[in-house]
There are 2 protein chains.
Amino acid sequence: MSVPRIRRSRSAEHVADTRRALLRAARELFAERGYAATGTEDIVAAAAVTRGALYHHFKDKADLFRAVMAECAQEMAERLVAQETARAETNPGDAWQLLRSGFQSFLDACNDAQFQRIVLIEGPAVLGHSAWDALVEEHGYVLLAEALTDAIREGNVDDLPVGPLTRMLAALISEASLYIARADDHVRARQEAGLVLERLLIGLGRVPGVSPALVTGQS
Amino acid sequence: MSVPRIRRSRSAEHVADTRRALLRAARELFAERGYAATGTEDIVAAAAVTRGALYHHFKDKADLFRAVMAECAQEMAERLVAQETARAETNPGDAWQLLRSGFQSFLDACNDAQFQRIVLIEGPAVLGHSAWDALVEEHGYVLLAEALTDAIREGNVDDLPVGPLTRMLAALISEASLYIARADDHVRARQEAGLVLERLLIGLGRVPGVSPALVTGQS
DNA sequence: TCCACTAACATACAGTCTGTATGGAACAGG
DNA sequence: CCTGTTCCATACAGACTGTATGTTAGTGGA
């Protein structure tokens, strides 16, 4: 009953096509229905191949997801870098000013349903913490940490520990983007979240009168 | 519709036992292995019942998870409320001071592996966004939002939109607690995260020289 | 050109897991 | 005594994942 599939010359280009089709289909479906609710059969059907191709190119379903998430994170990082280098050229300010505006543009860039669902929602649960963190570390945190280090070196941001600062700021922006995405009034939510973010960042600047040893960790 | 007094002195207790056993076993296993990696058979085995009992008490596996997560969130909220009311009595300060110290103690309370895994990691992916948000809204956000509203009314916190502020602060603390939990040096991580948090909160206070309309939303 | 040999799939199958349907025991009420 | 309901156990059907196996196009060597 099954119509035999005719396979023509299988060039390296065709192989790459298969892989890309799988990635594209998986990305779409994972973002729309979530990881658990997306069967491998659904993916290969959308990609017009069979499960054999999937398991040839990827170790398992989670491996496919990892590749999809890496692609999402990669694209987001590239988008941001391009945006920020352009801004730095046209309007050269100090690193701190650049970082603050960068946060705001990240807030806009983050407003991408696929990125949110795959990287922020499904990612931590599907890949465990370590694998997720490794991916984000590679694609996202490095940029933020670099910018923060620059700003600290320039003296406009107080010498706070970059590690936790990076994670916490990233979480802040992530949550803000999710808040904006699910709000009824996107424009208003964007404005409010941007305002809150800007206010929170104020505290990072040099504040001469404040001793950095206020908090010791024991309540 | 009339509910006559039901007295099943012994059996009613037994029924509650079954339910509690399921909740306890599920909580343990979900926190340890994650939702997807925990089979219903594992849960009922740990609870010393059969799958029939599980599906009698809960609609499906996700429903059981929801109950577990609600329990976790409930306990966390109770713990915090108790802690804060005690603090408020012994050391009555203004709402803002109370809130700041409350954040720090939340940072400590959040350092609970079950809470982190179930509520913060698995929750958003297992229950969708809306169900998760509804639960957190009910158990966690209300407290934070109330405290923020008080602090704003007292004038020590600027009149910022409470909705996004609540979510973003909660995300901040959640990420900080995760950072602390996975750090090699917990004590140091706790100290650093607490410091960063304290600094970020500074920006929320009244800052006379800053116009709140700096950020308009369009980059 | 012939012959391995391998990459790139397709297909069939086995194991696992979830949800449901069925059955039964205990108990309350009429 | 009969009946209905609650509470749970068991059996079963469907779905899904990963793997084993088959098949074909390309490739390098002799």
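Side notes on the structure shown:
- Charge dipole of chain B (Cα centre as origin; +1 on each Lys and Arg Cβ, -1 on each Asp and Glu Cβ, all else neutral): 780 debye, rounded to the nearest 20.
- B:Val157 long-range amide H proximity, modeled H, under 5 Å: B:Ile152
- Counting, for every residue in B:181-194, the Cβ atoms of other protein chains within 10 Å of its Cβ and taking the mean gives 4.
- For segment B:26-83, the fraction of C-alpha pairs farther apart than 14 angstrom is 57 percent.
- Shape category assigned to the protein assembly as shown from the gyration tensor of Cα positions, a/c cut at 1.5: oblate
- Within segment B:1-150, the percentage of alpha carbon pairs spaced more than 18 angstrom apart rounds to 64%.
- Relative contact order, percent, segment B:1-144 [alpha-carbon distance under 8 Å, six or more residues apart]: 30 percent
- Using a probe of 1.4 Å, the accessible surface attributed to A:Glu32 totals some 130 Å² when neighbouring protein chains are kept in position.
- Those trypsin sites (Lys or Arg not before Pro) in segment B:35-71 that DSSP places in a loop and that have at most 16 other beta carbons within 10 Å: B:Lys59
- Between segment B:57-114 and segment A:9-80, the Cα center-to-center distance that results, in Å: 40 Å
- Projecting the Cα positions of B:Ala171, B:Gly128, B:His186 onto the charge dipole of segment B:60-202 (unit charges on Cβ atoms of Lys, Arg, Asp and Glu, taken about the Cα centre) puts B:His186 furthest along the positive direction.
- When the charge dipole of the protein assembly as shown is built from unit charges on Cβ atoms (+1 for Lys and Arg, -1 for Asp and Glu) and taken about the Cα centre, the candidate among A:Ala88, A:Ala53, B:Trp96 whose Cα reaches farthest toward its positive end is A:Ala53.
- Viscosity 1.002 mPa s, temperature 20 °C, Stokes-Einstein D of segment A:69-202 from Kirkwood C-alpha radius, µm²/s: 140 µm²/s
- Interface size, chains A and B: roughly 4400 Å² of accessible area buried, both sides included, 1.4 Å probe, rounded to the nearest 100.
- CD proxy at 222 nm, helix term only [per DSSP H run n ≥ 4: -39500 (n - 2.57); per residue of chain B; nearest 500]: -22000 deg cm²/dmol
- Pairs of alpha carbons in segment B:10-58 whose separation is greater than 12 Å (percent): 58 percent
- Percent carbon-and-sulfur accessible area, chain B, ignoring ligands, DNA and RNA, probe 1.4 Å: 53 percent
- Relative contact order for segment A:70-219, counting Cα pairs under 8 Å that sit 6 or more residues apart, in percent: 29 percent
The values are calculated or read from the model by the stated rules, or taken from the named source; none is laboratory data. Model, not experiment: these values are computed from the prediction. A quick note on method: Cβ atoms are made from the backbone with ideal geometry, for glycine too, and the neighbour counts reach across all protein chains shown. Just so you know, the surface numbers come from the protein's heavy atoms only, side chains and all, with ligands and any DNA or RNA stripped out. Shrake-Rupley method; radii C 1.70, N 1.55, O 1.52, S 1.80 Å.
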